[in-house]
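Here is the structure we will look at, set down as structure tokens.
The values are calculated or read from the model by the stated rules, or taken from the named source; none is laboratory data. Fair warning: this is a prediction, and the values are worked out from it, not measured in the lab. We place every Cβ from the backbone using ideal geometry, glycine too, and count neighbours over all the protein chains shown.
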Amino acid sequence: MRWFGPNDPVSLMDIRQAGCTGVVTALHQIPVGEVWPIEAIQERISIIEVGNQNWTPLHWSVVESLPVHEGIKKALPSRAQLIENYKTSLRNLAACGIKTVCYNFMPVLDWSRTKLNFEMPDGARALRFVWTDFAVFDLHILQRPGAFSDYTPAVQAAASERFATMSNEEKAELKNTALLGLPGSEEAFHLENFQSLLDEYKAISADQLRENLYFFVRSIAPLAQELGINLCIHPDDPPFPLLGLPRVVSTESDLTALMDASPERANGITFCTGSLGVRADNDLPGMVRRFADRIHFLHLRTTFREQNDPLIFHEAPHLTGDVDMFEVVKAVVEEEKRRGGEQIPMRPDHGHQMLDDLNKKTYPGYSAIGRLRGLAEIRGLELAIRSFLAVFFVVCSFALRADDGYRLWLKFDKVASATRYAPYAKSISSEFASTPILETAKKELTNGLKGLTGVTPISATSKGSIQFVKDPSLKEEAFSIVAGPQIQIKASSDRGILYGVFELLRMIQQEKPLANFSSSPKVKFRMLNHWDNVMGTIERGYAGQSLWKWYELPETVDPRYTDYARANASIGINAVSVNNVNASARFMTPEYLMKVKVLADVFRPYGIKLFLSVNFASPKLVGKLKTSDPLDPQVRAWWTAKTKEIYAEIPDFGGFLVKANSEGEPGPQEFGRTHADGANMLAEAVQPFNGIVIWRAFVYAPNPKGDRFKEAYNDFKPLDGTFAKNVIVQVKNGPIDFQPREPFHPLFGAMPKTPLALEFQITQEYTGFSTNVFYQSILFKECLDSDTYQNGKGSSVAKVIDGSLGNDQITMMAGVANTGSDRNWTGHLLSQANWYAFGRLAWDHTLSSEKIADEWVKQTLTHDDKAAKTASNILMKSRDTYVKFTTPLGLHHVMGQGIHWGPEPWLERSQRPDWTSIYYHRADSVGLGFDRKASGSNALSLYHPSVAQQWLDPAKTDLNYLLWFHHVGWKEKLSSGRTLWDEFCYRMNSGLQEVKDLQKDWDSLQGKVDPEIFADVRGRLAAQQRESVLWRDAHLLYFQTYSKLPISYGTPARTLAEIKEIVRIYQLK
């Protein structure tokens, strides 16, 4: 309870008998700005603790307040010394064991009311604020210059009328009330010099005051953190500008910006429910949850907005005002539980003057009995909530299932700020005719709003609270959200409405303000490639078996197919090839087409087209022709007939995806034909149905003296401009094969006459399977933002594939899916972020990896801001960490043979020379790396000269790409200041240490994320740590056999022979 010192009519014994053990007080006798001496602090402690040996002990637990001098608020020349004084006071308080310090940053006035003894219906007296009365003081008593511009004409008129009828006693009472100084101070302001105090802020805007606050906090928060002191800023009271003075701590956004201004946890909040609760737009329970880790002190009181006007309010009984005290206290109890039982200091605030206190002089709002009533009410509420939660969790623990990750990012649970969005959830109207996609949009919106807000919208014929509006000016899949009294989702098509619905739900999930927003996809086809096999396995799949149960189809349709389609549509994916590019000819038979048709029927209401990977030899394997030559008339006729058969079953069939003449797959080159010949034959077959052909450029001849880096370029560059208009060539992001870090493929920028699709690998074939966290978005963005110089500087890969450089009509981004039958879809829970990121970037490649990570975390893991930042940081750091302990400095393709798990840099023999490791790392006694300059394979010449230039000189090459292009001597000094060998050792060891840091970061999330998810990811991070040791030791010991140099960073615990044996075990069948 607050105590104003020895002169307070409420005694320490009163506080003790109220059941309090902590005292909230300050050294009001020391002038603002001067240092609080240790002696004065200790004296106050001694006064408080007198009698502790005989009665319930009392302790000074919170300083309220350590005032901030006006010189700091106004950034006067004296600011530096005043801040030093403040720091000294903090040091002295810490030395005396006081670790919670409240302060505020309100200019001139600490708080303002217009009446101190407003009579309540029960005869008690309360504090009250009336805007008109304050205008009387400002306009007619103070007569502040320019004041009339701060009030509406109606308020001005009412103030004039009120002033004219007031007695001199009423005017004096209003003046004295308005000029009250600091709570607990013996002095008030004087009217004669008050205007001069206001004038000193004439040149200080709200933005400048805000910057002055940030400067102050940044100056003291690091010290407070070091001292173990929690700083807690008190919000503005009332939370709006007065007397021309700015107010900068009034809203949730104000507090968010302040917390961001200084990231130390010590930079915290005094969460005053009364001050913040005056504003209806402050969602207090939600704010408690969102600022939970920064709330170090609580003022629990409530106000009542008279006439629902925040400019007229009075202090209400603690449980009956505008503040939902039950939800606030419940959120506080939950936070204390999350903190392991640590109690957040709390005091009841602004009690009514009642009973015997009506006849006593007390500080306004701080009578004993009124606060005792508030304390009793809040304590009873708190104990009831604690008992309820304890019983609830015991009773429900067996009924509630932990979050297993199945819902992905589509968790439409009720948000803390549901009341903010509930008015929009009343009804849905549409200007569109009913279609399967539109009905899906309505269903998704209805279910989403019901879950997020607790309100189930009804259908309305017109003018719903959410409206689907036709706007022919928008592109086919584009949408626009217009926020106002109602929400309009505008689109020209039902698909645009569906994507707009998911965007609106995404805003609410993240508890963002509903604002105007427009979006249009950057590419036409946003596609997942499934490498799923007919027997239920998945090539390079690490999340269980295939989703598609071919032997059960078409009779049994797994509901999971619909959930899969929902997830894709929610992130803008509109195309799926369901079978492996190493394709089985089964899919060209009626037996399998009827199975595929069922999947197409499930996908269609979610705006998703189905594609099939085809085996180029299908005319022979299925049609029993003698050849598959694309120029043979019978072969062409077979494909034409087969295509008609497919479209008869699936009218919106997307087309064919083809892997040909690659890794043993059949193709046109077997017959002396080109890739264009093969692609154009299929294009001719699908063209009448507006279908397309996607022809993969992943081809490489087994040339022991060549460079796989160049193979696809050599095959496809000469064919530029020879493909049919409905053919798009699909190119992997890099020239080798989905390496953890890889330069962009030289075909991007080299085929201006041919539409190119960009192929990423979402599944983690080379990036750690399902035991390593590897956030692919960073890799995706690295490629998308790379400049090809196709049309000069600024010709990024993204612009190549979105058609903006060549005005291509077919545009595409494809991703090799990472989904499987595991309950959480992706094996590693955090790998869901890669699926999500691919969809979001395929829709809009300008989005940042940071934004996408933040979205996914808040929709999937936690709404706690601090925990969300930690989880996002784990994702953002994960790619570089993995590269460091597996393929540092541009090392590549050194993984285990065949399975691609773990290290095997010593691999010398395989079915093909370019499937070995030594083919790529070229280690010898001189150095390490693949020379791709003119002195080597000359692969650099495939790029535009401006691109090649950045990698031409080893001394200027980004170290992350060094070994991709240069054979570097072991003792050669790098730009880091270390030799190649030392840098190699350093990075390998750093990666191992960073995995441990990821583990610590994840451990800090215990209690902030679902326990089942927490345990699962924790276990996978432990596996990643074990694997990182294996990678480091394998590389250091193996390459040391060439460098002959001591290992400068890290100490392998095993021999190279022992490590090779471990790798051999994993190679056993």
Mind listing just one residue for me: the one in region 955-979 that is surrounded by 20 or more Cβ atoms within 10 Å (Cβ to Cβ) and under 37 Å from the mean Cα position of the chain (by Cα) and, of those, farthest from residue 890 (Cα to Cα)? 957
When you go through 542, 564 one by one, which is the residue that is more than 29 Å from residue 639 (Cβ to Cβ), outside any loop (DSSP other than H, G, I, E, B) and hydroxyl-bearing (Ser, Thr, Tyr)? 564
Out of 226, 252, which single residue is surrounded by fewer than 21 Cβ atoms within 10 Å (Cβ to Cβ), farther than 20 Å from residue 126 by Cα, of a type in the set (Asp, Glu) and in contact (Cβ under 8 Å) with a residue 24 or more places away in the chain? 252
Of the criteria (1) farther than 15 Å from residue 540 by Cβ; (2) under 28 Å from the mean Cα position of the chain (by Cα), which one residue 809 fails: (2)
Counted residues, region 237-254 - those being touching a strand residue (DSSP E or B) at 6+ places or on another chain (Cβ under 9 Å) and modelled with pLDDT of 95 or more: 1
Quick one: which of 23, 32, 63 is modelled with pLDDT of 90 or more, closer than 19 Å to residue 88 by Cβ, touching a strand residue (DSSP E or B) at 6+ places or on another chain (Cβ under 6 Å) and of a type in the set (A, V, I, L, M)? 63
Of the residues 362, 320, 302, which is buried (at least 17 other Cβ atoms within 10 Å of the Cβ), without any contact (Cβ under 8 Å) to a residue 40 or more places away in the chain and closer than 28 Å to residue 9 by Cα? 302
Are there any pairs with C-beta distances below 8 angstrom linking a residue in region 960-973 that is within 14 Å of residue 740 (Cα to Cα) to a residue that is assigned to a strand (DSSP E or B) and aliphatic (A, V, I, L, M), with the two at least 6 apart or on different chains, and if so which? 963/928
Residue under evaluation residue 689, criteria (1) closer than 21 Å to residue 753 by Cβ; (2) surrounded by fewer than 23 Cβ atoms within 10 Å (Cβ to Cβ), criterion not met: (1)
Across region 486-514, what is the total count of residues that are over 17 Å from residue 449 (Cα atoms) and of a type outside the set (D, E, K, R)? 4
Yes/no for residue 657 being among the hydrophobic types (A, V, I, L, M, F, W, C), part of a strand (DSSP E or B) and out of contact with any His (no Cβ under 6 Å at 6 or more places or on another chain): yes
Answer with yes or no whether residue 791 is of a type in the set (S, T, N, Q) and closer than 28 Å to residue 547 by Cα. no
It is to be established whether one or more residues within region 724-745 are more than 20 Å from residue 797 (Cα to Cα) and either out of contact with any strand residue (DSSP E or B) (no Cβ under 7 Å at 6 or more places or on another chain) or assigned by TED's automatic domain parsing to the domain that holds residue 994 (or both). yes
Under the condition of being part of a loop (DSSP other than H, G, I, E, B) and among the charged types (D, E, K, R), which residue from region 200-223 is surrounded by the fewest Cβ atoms within 10 Å (Cβ to Cβ)? 202
Mind checking which strands (runs of 3 or more DSSP E) fall wholly inside region 78-173 and carry at least 3 residues that are surrounded by fewer than 16 Cβ atoms within 10 Å (Cβ to Cβ) and hydroxyl-bearing (Ser, Thr, Tyr)? none
Could you say whether any residue in region 698-706 is over 24 Å from residue 943 (Cβ atoms), β-branched (Val, Ile, Thr) and in contact with a helix residue (DSSP H, G or I) (Cβ under 6 Å, 6 or more places away or on another chain)? no
Condition test on residue 716, is it aromatic (Phe, Trp, Tyr), at pLDDT 95 or above and more than 17 Å from residue 674 (Cα to Cα)? no
Scan region 670-689 and give yes if some residue there is in the same structural domain as residue 753 (by TED's automatic domain parsing) and closer than 26 Å to residue 965 by Cβ, otherwise no. no
Quick one: is residue 890 over 33 Å from the mean Cα position of the chain (by Cα), among the small types (Gly, Ala, Ser) and not assigned by TED's automatic domain parsing to the domain that holds residue 782? no
